[in-house]
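In what follows, a single structure is set out as structure tokens and then discussed.
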Amino acid sequence: MTPDVTAFFDEATNTISFVVKDPEGSSCAIIDSVLDFDYSSGRTDTKSADDVIAYVQKHDLKVEWILESHVHADHLSAAPYLQAKVGGKIGIGKNITIVQDTFGKVFNEGTEFQRDGSQFDKLFEEGDSFMIGQLRGDVLHTPGHTPACMTYVIGDAAFVGDTLFMPDFGTARCDFPGGSSETLYKSIQKILALPDETRIFVGHDYKAPGRDEYAWETTVGEQKANNVHVGHGADKDSFVEMRDSRDATLAMPKLIIPSLQVNMRAGNMPEPDEEGDVFLKVPVNKI
């Protein structure tokens, strides 16, 4: 089946969220939502999520799933807000527990922070499937960028999160805790083993040099032929050398500190204090 895919681009974080609809019904899934966050003031806003909600309501869609491709380090998830407004089960990869354990220590969360993934409604693993109405989705575990990265293959479309970018931009960084360029290469080969006509929807776009417009849809065949990092049959050793060297030059994402604390909680803020105020921590020399 060919799902109907509608994209929502957030220029502040270069994130693309997707509404994926059963073409024969009204059921849909929302993938990689965005909660707007101004770091300088510490204020959140729901404009990006409200745009998705308005679309869902305008078309009388039934939200079955709110899916996360991984624990994002560059934007906050709006999953709980969306769930409260339009329903749906929140899902992520089973290895979220590894991410929670790693960053629970980094942010000194203490024993009250559950590291078992229980903040999410569903923890997916390789080989799982799910339904969006009559539309079937299959789950691939594609780690490397993070240990919990998942690719959701829904009909003829694959939602790869940060694993692959557009062919002229390449692949995801692998220098976060738990990341591995060798593992990412293996995960990408799993994606490239899908049929050439499979549509690939990427989670971010930064407009590669020479390209004027943002883009987020390509195909497996185009990635195999033209991806600047893994196309043309690039071998693992050369990819690992390139990726590791490139990652050593990259700064941390601007929103990594708030994003990790919120997203490892399924998009929820830390528990408020006795006065009802919420605080995020800034670990010094930890990331």
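None of the figures in this text is laboratory data; all of them are computed from the coordinates on show. Computed from a predicted model, the values in this text were never measured in an experiment. Quick reminder, even Gly has a Cβ in these numbers, built from the backbone with ideal geometry, and neighbours come from all protein chains shown.
The table for this structure:
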read-out	value
Cleavage-rule hits (GluC sites (Glu not before Pro)) in region 85-155: DSSP loop, at most 16 neighbouring Cβ within 10 angstrom	Glu112, Glu125, Glu126
Loop sites in region 127-218: GluC sites (Glu not before Pro), DSSP, at most 16 other Cβ within 10 Å	Glu197, Glu213
Eligible lysines near Lys281 by straight Cα distance, threshold 21 Å, same-chain separation 8 or greater	Lys105, Lys254
Most mobile listed residue (Ser118, Ser245, Ser48) in the chain, GNM with C-alpha springs under 10 Å	Ser245
Part-to-part distance (alpha-carbon centres) for region 1-75 and region 171-250, which is given in Å	23
Residues Asp101 and Ala193, FRET efficiency given R0 of 35 Å [Cβ-Cβ distance, rounded to 0.05]	0.70
GNM result for the chain, Cα springs below 10 Å: residue of Val20, Val86, Val99 fluctuating most strongly	Val86
P(r) tail fraction, the chain - alpha-carbon pairs more than 34 Å apart, %	15
Residue-averaged [θ]222 nm for the chain, counting only DSSP H segments that reach four residues, each worth -39500 (n - 2.57)	-7000 deg cm²/dmol
Neighbour count of at most 12 Cβ within 10 Å plus DSSP loop: longest chymotrypsin sites (Phe, Trp or Tyr not before Pro)-free window in the chain	40-205
Label-to-label distance, nm, for residues given as Ser238 and Phe9 (7 Å Cα→Cβ offset)	3.1
Residue with peak Gaussian network fluctuation, the chain [Cα springs, cutoff 10 Å], from Thr163, Thr183, Thr151	Thr183
Cα shape, region 105-259, gyration tensor, a/c 1.5 rule	oblate
Virtual spin-label span in nm between Ile287 and Asp116, 7 Å along Cα→Cβ	2.7
Region 113-198: C-alpha gyration tensor shape, a/c 1.5 cut-off, then a/b vs b/c	oblate
Net charge, Asp38 excluded, C-beta distance under 12 Å - Lys, Arg +1, Asp, Glu -1	+1
Separation in nanometres of the label points that stand 7 Å from Cα toward Cβ, at Asn226 and Glu182	3.3
Using θ = phi - 60° and Karplus 6.51 cos²θ - 1.76 cosθ + 1.60, couplings along region 262-269 (whole Hz; Gly, Pro as x)	7, 6, 6, 9, 6, x, 8, 6
